[in-house]
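Read the structure below first, then the notes.
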Amino acid sequence: MQKLAPIDLTIIVLYLIGMLAIGFFTGKGQRTDTDYFLGGRKLKWWMVGMSMVVSDIGALELIGVAGSAYVVGFSMANFDWVGCIPAMMLAAFIFVPFFWRAGIFTIPEYLGRRFNAPVRTTMAIIWGLFMCAQLGAFLYAAAVAMETLLGWPLWTSVLLTAGVVGVYTFSGGLAAVVITDAVQFVILFFGSALILGFGLYRLGGIDGLIAAVDTGAPGKEHYFHLILPGDTPHPFSWSAVLFGLALVLSPAYWIGNQAIIQRNLACGSVRDAKKSVLFGAFLKLFIPFVIVVPGMLGLALYPNLGKPDGVYPHLLATLLPDGARGIVFAAFLAALMSSVDSYLNSASTLWTMDIHKQWFRRDATPEDCYRKGRLLTGIFIVAAIPLAFVAGRFGNLFTYMQTMLSLFQGPTLAVLAAGMLWKRANGTGAAAALLAGLAASILLHVYRCDIFIAADPYLYIAWWSFVVALCAMVTGSLLSAPPADGKTRGLTFTKEDAHD
């Protein structure tokens, strides 16, 4: 235990014990799928809002966003201000209330009602596989920090994290996830603010930070700019941010990500579901200051750091005094656990409700689904352990996650938006959109070096795969029979919904 003092270790141990206690306490009395997957539909809106935010800024963001900010600077704030808040407003006033009133468990369940069973299953498999892969990446992110602070080998950190999160998620389901996330948000925000404060104090404030960064160095001339020119070699030029992030990846994430929407569905009313998203959007205003700016501080303090993904753990290990280091490390664990528990619970929900119940046990009772969900939770956390070693082979973790999302988020948005807003959209069009969009994103990834300026053009790929999928959606729908009378009733957005 190289970097942590006894007081730091005491804080961390108490934190872990507290998280386990919440899981066991919350799980008492749960018997049905609604209890386990939706917290009995009685979760508080403010807790859900905090849970949404801390799940979105989990370990990958602390490690990956800080690492990317170390390289490209303040433009990473676009992922919160441009890439979250507008889409969250759209979700709050159109999609989330609609999903809540439909009484669904999952986004694929809505697509099954709106289109057909194959579309539902395809989307469930895509999201289910993605979530399982991400679990491995989250566990690897924990290992990066623990190696820096504790000197532990990779497998030790992975097993410890998987064990703690797996136990309380298995025990308490979504209710445990949201309650622990609310606690973790407070710890995360406070802990990251400590790094920000100590870092700025070390450099002499904002002016010291600007003076310490050589903005004349190659690639650093726009380091403190939010908007980058269109010909920048980084993946965050204004055109990529506008078309790929603001118009595709962000809306697809906030209205189609099961790990996010599932929390809103657990609120006690439509009004509370709306409030949860709006509260989350408000909290997002402050996130760049406690995640992006620390990465920039890292460049000013440690300009020769070999691996950008190590900047946040390095700041944690070298910048803070005893006691504060334990709080911030607990904050990192909070971010990590919020990511793992969210994806773990949502993956088990998808595979239980959209695969198991849909294809293997149509007569499954709520109690059967509850038991199956807990079993799958255990299976997925065990399966994520070897996937952590796979994720470690990639470079920047944030780029890894966004690249994976860009493979299918464009088609996802095209199908969801058309299904919600266009009554003429049908199952044929949805299937065509998924196939064409996925094919386009794969081809663009294969030939990206010949097409795009940016080295990691995932934002551009997301945009063009969305355009291809939307064209296929319209063409396929218009060339085939319209939905049967009554098929879209209650499944498409209407004027009455707008005034709800």
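Flag not set for GLY410, criterion: of a type outside the set (A, V, I, L, M, F, W, C), farther than 28 Å from LEU434 by Cα, in contact with a Phe, Trp or Tyr (Cβ under 8 Å, 6 or more places away or on another chain) and modelled with pLDDT of 80 or more.
Could you tell me how many of the residues in region 272-307 are out of contact with any strand residue (DSSP E or B) (no Cβ under 6 Å at 6 or more places or on another chain) and within 14 Å of PRO97 (Cβ to Cβ)?
First pass over region 272-307, keeping only residues out of contact with any strand residue (DSSP E or B) (no Cβ under 6 Å at 6 or more places or on another chain): 272, 274-275, 277-307.
Subset that is within 14 Å of PRO97 (Cβ to Cβ): 272, 274-275, 277-278.
Adding up the residues that qualify gives 5.
Does ALA432 qualify as being part of a loop (DSSP other than H, G, I, E, B) and buried (at least 18 other Cβ atoms within 10 Å of the Cβ)? Judged against the criteria, ALA432 is not a match.
Restricting to region 5-20, what's the tally of residues that are within 25 Å of the chain's Cα centre (by Cα) and farther than 13 Å from ILE187 by Cα? Spell out the reasoning first.
To start, the set of residues in region 5-20 that are within 25 Å of the chain's Cα centre (by Cα) comprises 12, 15-16, 18-20.
Then drop every residue that is not farther than 13 Å from ILE187 by Cα, which leaves 20.
Selection size over region 5-20: 1.
Does at least one position in region 240-249 carry a residue that is closer than 30 Å to ALA418 by Cβ and at pLDDT 90 or above?
Of region 240-249, the ones closer than 30 Å to ALA418 by Cβ are 240-249.
Checking the rest, the ones that are also at pLDDT 90 or above come to none.
There is no residue in region 240-249 that is closer than 30 Å to ALA418 by Cβ and at pLDDT 90 or above.
Annotation: of all residues in region 7-50 being modelled with pLDDT under 80 and among the basic types (Lys, Arg), the one that is surrounded by the most Cβ atoms within 10 Å (Cβ to Cβ) is ARG31.
Need a quick list: helices (runs of 4 or more DSSP H) entirely within region 285-391 having at least 3 residues that are in contact (Cβ under 8 Å) with a residue 12 or more places away in the chain and more than 21 Å from GLY204 (Cα to Cα). Before you say what the answer is, go through the steps one by one.
Working: elements: 287-301, 311-319, 324-350, 366-391.
Output list reads 324-350, 366-391.
Considering only residues that are over 13 Å from the mean Cα position of the chain (by Cα), in a helix (DSSP H, G or I) and closer than 12 Å to PHE99 by Cβ, which ones fall in region 237-271?
Matches in region 237-271: ASN264, LEU265, VAL270.
Once region 352-378 is narrowed to residues that are under 28 Å from the mean Cα position of the chain (by Cα) and of a type in the set (A, V, I, L, M), the residue that is surrounded by the fewest Cβ atoms within 10 Å (Cβ to Cβ) is LEU375.
Please verify whether region 474-494 includes one or more residues that are within 28 Å of the chain's Cα centre (by Cα), at pLDDT 90 or above, within 25 Å of PHE99 (Cβ to Cβ) and surrounded by 15 or more Cβ atoms within 10 Å (Cβ to Cβ). The answer is no; no qualifying residue exists. When only residues in region 276-333 that are within 18 Å of TRP81 (Cα to Cα) and of a type in the set (Phe, Trp, Tyr) count, which is modelled with the lowest pLDDT? Among those that are within 18 Å of TRP81 (Cα to Cα) and of a type in the set (Phe, Trp, Tyr), it is PHE289.
Within region 325-379, the set of residues being acidic (Asp, Glu) and farther than 30 Å from ILE63 by Cα comprises ASP354, ASP363, GLU367, ASP368. Of all the residues in region 284-332, those that are farther than 23 Å from ASP8 by Cβ and of a type in the set (S, T, N, Q) number 1. Looking at region 225-236, can you tell me whether even one residue there is part of a helix (DSSP H, G or I) and surrounded by 22 or more Cβ atoms within 10 Å (Cβ to Cβ)? The answer is no, given that none of the residues of region 225-236 is part of a helix (DSSP H, G or I) and surrounded by 22 or more Cβ atoms within 10 Å (Cβ to Cβ).
Output the residues belonging to region 212-224 that are at pLDDT 75 or above, farther than 25 Å from VAL53 by Cα and outside any helix (DSSP H, G or I). Lay out the reasoning, then the answer.
Applying the first criterion (at pLDDT 75 or above) to region 212-224 yields 212-215, 220-224.
In the following step, the residues that additionally are farther than 25 Å from VAL53 by Cα were identified as 212-215, 220-223.
The answer is VAL213, ASP214, THR215, LYS220, GLU221, HIS222, TYR223.
Count of region 70-101 residues, restricted to those that are over 17 Å from the mean Cα position of the chain (by Cα) and within 30 Å of GLY219 (Cα to Cα), is 6. Condition check for LEU90 on (1) buried (at least 24 other Cβ atoms within 10 Å of the Cβ); (2) under 23 Å from SER406 (Cα atoms): one failure, at (1).
Quick check on ALA439: is it closer than 21 Å to PRO97 by Cα and free of Cβ contacts under 8 Å to residues at least 60 places away in the same chain? Even if it seems obvious, please write down each step before you answer.
Numbers: closer than 21 Å to PRO97 by Cα: no; free of Cβ contacts under 8 Å to residues at least 60 places away in the same chain: yes.
No.
Report yes if GLY280 is small (Gly, Ala, Ser) and over 23 Å from MET50 (Cα atoms), otherwise no. So GLY280 fails the test.
Just checking, does region 74-96 include any residue being in contact with a strand residue (DSSP E or B) (Cβ under 7 Å, 6 or more places away or on another chain) and touching a residue at least 12 places away in the same chain (Cβ under 8 Å)? Looking for residues that are in contact with a strand residue (DSSP E or B) (Cβ under 7 Å, 6 or more places away or on another chain) and touching a residue at least 12 places away in the same chain (Cβ under 8 Å), one finds at least one in region 74-96, hence yes. Screening LEU4 against (1) surrounded by fewer than 21 Cβ atoms within 10 Å (Cβ to Cβ); (2) modelled with pLDDT of 80 or more; (3) touching a Lys or Arg at 6+ places or on another chain (Cβ under 8 Å) leaves a single unmet condition, (2). Screening PHE380 with (1) in contact with a Gly (Cβ under 6 Å, 6 or more places away or on another chain); (2) modelled with pLDDT of 80 or more; (3) not aliphatic (A, V, I, L, M) gives one miss only, at (1).
The values are calculated or read from the model by the stated rules, or taken from the named source; none is laboratory data. Note that the structure is predicted; figures quoted are calculated from it, not measured. Glycine gets a Cβ as well: all are built from the backbone with ideal geometry, and neighbour counts include every protein chain shown.
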